[in-house]
Amino acid sequence: FFFFFGFVCHLTMMASHSAINVIFCLFYFLTSYIAIVSADDSIKKEDSHHTSCLTLDDGLQYIRPGYDTNFPSILVRCSSGWTILDYTIDPNIRYYFSSFKQITPNIASMDTSFERKNWNHWLQIKGVDYSISQDCNSCESESDDLNNAYYMTGNYYGCSFATKALCDMDPTTLQCNTCKMPSLPDDDTEYPGLCTHIVLNVDDIDINTQQTSHQKCVTYKWNYLPSIGLSGQFCPCLKPEKDIDHNIEDIEAEALYPNPDDDNRYAYHYNEVAKQDDDGIINCEDRVIQLTNDDFKHGTYRIRSCGTYKLMEDIQLNMNAPIIKADIDLGFNEYFSPNDKHNWWPSEEQLKDRDGYPANNFIGAYAMGFFAGISIEHDDVMIDLNGYTLAMHHDFYVQQRFFSLIEMASKPFISGQGPAN
């Protein structure tokens with residue numbers, strides 16, 4: 001249709017440049033542009049969205065699995081009524097999780113520095129049954145597969161796992177393996193090895209939760225938390241528990257598809273700073289930040305942008321030291337119980353803050369306390385002592401025995417290693 005009238009427009013303009021011909025051609029190009037744009041956006045910006053794939057044809061579909069306008073519509077793959085969440089198709093699926101953090105190049109999970117949840121609490125889509133899709137194209141829909149999901153083993157978030165180093169996942173093929181336990185010579189059972197995507201029923205007793213004790217985390221044989229694939233494999237499948245599908249109507253298109261760059265719910269502050277550097281907003285060579293004792297009073301000074309960091313006085317590190325009770329008449333100072341919880345240690349609020357000093361149950365960078373005076377977490381950084389000293393206060397030295405004055409990393413160990421992850 002458009003090609004035909006375009007050809008007519010071309011012929012008439014060659015024959016005559018009358019006002020009618022000009023108006024006709026302008027009308028053609030305007031309607032053509034509107035029609036093409038509408039065709040591109042018709043699926044994405046329609047006002048009515050199904051809440052699941054239950055009544056939709058197989059293939060790619062936009063749905064909005066919830067009634068909260070804070071959640072975007074997402075592009076998913078439908079398969080026999082199941083909804084497949086595939087990160088490679090639409091990264092906006094991350095907004096439907098309480099937190100979302102990459103664990104390996106191929107797998108994501110929750111931010112384990114402050115939460116540990118099963119699927120029904122991690123995923124913010126309620127009232128659904130679960131299944132799995134290894135290829136992210138079709139779901140395993142047999143009754144035995146109902147309410148199975150993917151889980152990563154405890155080593156990926158700082159907890160123990162009995163078969164570590166015995167039959168670990170193949171890092172190239174991502175094949176999960178099993179093996180016998182050498183410590184149990186009379187047991188012929190094949191136990192799972194370390195893996196990012198073991199299939200378990202969502203009611204398995206070895207799945208960790210916020211109530212899981214530290215003792216279980218570091219001593220128990222089996223620990224698991226949910227995981228989701230990032231590279232077109234190991235996708236979760238969802239279907240409403242009740243065979244009900246709804247439409248979400250009358251929602252502005254702008255609200256359906258927020259720009260991920262404008263939403264910082266799951267972004268660390270230092271990533272934003274790094275982006276500014278890449279855009280040339282910060283001149284690293286001319287940027288000088290002056291440091292005093294006040295900058296270290298409540299914890300590690302985390303350097304997350306470029307520049308020269310210059311000491312302006314002798315620094316004595318005494319982070320989150322307890323309040324001192326002074327008795328002038330008796331001539332002494334007395335601490336309020338030096339072993340009280342969180343003295344010389346990140347506070348409850350700091351531990352929960354992903355942009356502060358995250359840790360939970362020996363999971364997270366600060367699970368062993370303030371491990372450094374300064375942590376350098378960015379390129380093009382210079383530390384200028386400026387003739388002054390950087391040292392631990394004696395009280396802090398006695399309390400915090402695991403410590404580096406300057407750490408060129410954001411955490412004390414690589415992932416999955418050391419006494420804290």
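The values are calculated or read from the model by the stated rules, or taken from the named source; none is laboratory data. Note that the coordinates shown come from a computational prediction; the quantities given were computed from them, not determined experimentally. Heads up, the Cβs are rebuilt from the backbone with ideal geometry, glycines too, and the neighbour counts pull from every protein chain shown. Keep in mind that these areas ignore ligands, DNA and RNA; they rest on the heavy atoms of the full protein, side chains included. Shrake-Rupley method; radii C 1.70, N 1.55, O 1.52, S 1.80 Å.
Please go through (1) open to solvent by 40 Å² or more (accessible area, probe 1.4 Å); (2) under 17 Å from E115 (Cα atoms); (3) not basic (K, R) for Y357 and return the number of the only condition it doesn't satisfy.
Among (1) open to solvent by 40 Å² or more (accessible area, probe 1.4 Å); (2) under 17 Å from E115 (Cα atoms); (3) not basic (K, R), Y357 violates only (1).
Looking at I89, is it at pLDDT 75 or above and under 19 Å from Q124 (Cβ atoms)? Steps first, answer last, please.
Details: at pLDDT 75 or above: yes; under 19 Å from Q124 (Cβ atoms): yes.
The answer is yes for I89.
What are the pairs with Cβ atoms under 8 angstrom where one residue, in region 49-70, is under 13 Å from L238 (Cα atoms) and open to solvent by less than 40 Å² (accessible area, probe 1.4 Å) and the other, located anywhere, is at pLDDT 90 or above and among the basic types (K, R)? Sequence gap at least six, or different chains.
As it stands, the answer is S52/K239; C53/K239, since those pairs meet every condition given.
Of all residues in region 185-197, which are part of a loop (DSSP other than H, G, I, E, B), open to solvent by less than 70 Å² (accessible area, probe 1.4 Å) and closer than 19 Å to N223 by Cα?
Looking only at region 185-197, we keep the residues that are part of a loop (DSSP other than H, G, I, E, B), and these are 185-190, 193-197.
Narrowing further to those that are open to solvent by less than 70 Å² (accessible area, probe 1.4 Å): 187, 189, 193-197.
Residues satisfying the conditions are T189, G193, L194, C195, T196, H197.
Take S99 and tell me if it is small (G, A, S) and touching a Lys or Arg at 6+ places or on another chain (Cβ under 9 Å).
Values: small (G, A, S): yes; touching a Lys or Arg at 6+ places or on another chain (Cβ under 9 Å): yes.
Judged against the criteria, S99 is a match.
Within region 209-222, track down each residue that is surrounded by 11 or more Cβ atoms within 10 Å (Cβ to Cβ) and more than 20 Å from P182 (Cβ to Cβ).
T209, Q210, T212, S213, H214, K216, C217, V218
The conditions are (1) in a loop (DSSP other than H, G, I, E, B); (2) at pLDDT below 90; (3) open to solvent by less than 40 Å² (accessible area, probe 1.4 Å), and A35 fails exactly one of them. Which is it?
Going through the list (1) in a loop (DSSP other than H, G, I, E, B); (2) at pLDDT below 90; (3) open to solvent by less than 40 Å² (accessible area, probe 1.4 Å), A35 breaks only (1).
What's the number of the only condition in (1) open to solvent by less than 90 Å² (accessible area, probe 1.4 Å); (2) in contact with a helix residue (DSSP H, G or I) (Cβ under 7 Å, 6 or more places away or on another chain) that K164 fails to meet?
(1)
So which pairs qualify, if the first residue must be in region 85-102 and within 14 Å of L225 (Cβ to Cβ), the second must be open to solvent by 10 Å² or more (accessible area, probe 1.4 Å) and among the aromatic types (F, W, Y), the Cβ gap must be under 8 Å, and the two must be at least 6 apart or on different chains?
S99/F114; S99/Y266; F100/Y266; K101/Y266
Hand me the list of strands (runs of 3 or more DSSP E) wholly inside region 302-393 holding 2 or more residues that are within 27 Å of the chain's Cα centre (by Cα) and at pLDDT 95 or above.
Numbers: elements: 307-311, 315-317, 324-327, 332-335, 372-376, 381-384, 390-392.
Correct list: 372-376.
Going by the structure shown, is I198 closer than 22 Å to S109 by Cα, among the hydrophobic types (A, V, I, L, M, F, W, C) and out of contact with any strand residue (DSSP E or B) (no Cβ under 9 Å at 6 or more places or on another chain)? Even if it seems obvious, please write down each step before you answer.
Values: closer than 22 Å to S109 by Cα: yes; among the hydrophobic types (A, V, I, L, M, F, W, C): yes; out of contact with any strand residue (DSSP E or B) (no Cβ under 9 Å at 6 or more places or on another chain): no.
It is false that I198 is closer than 22 Å to S109 by Cα, among the hydrophobic types (A, V, I, L, M, F, W, C) and out of contact with any strand residue (DSSP E or B) (no Cβ under 9 Å at 6 or more places or on another chain).
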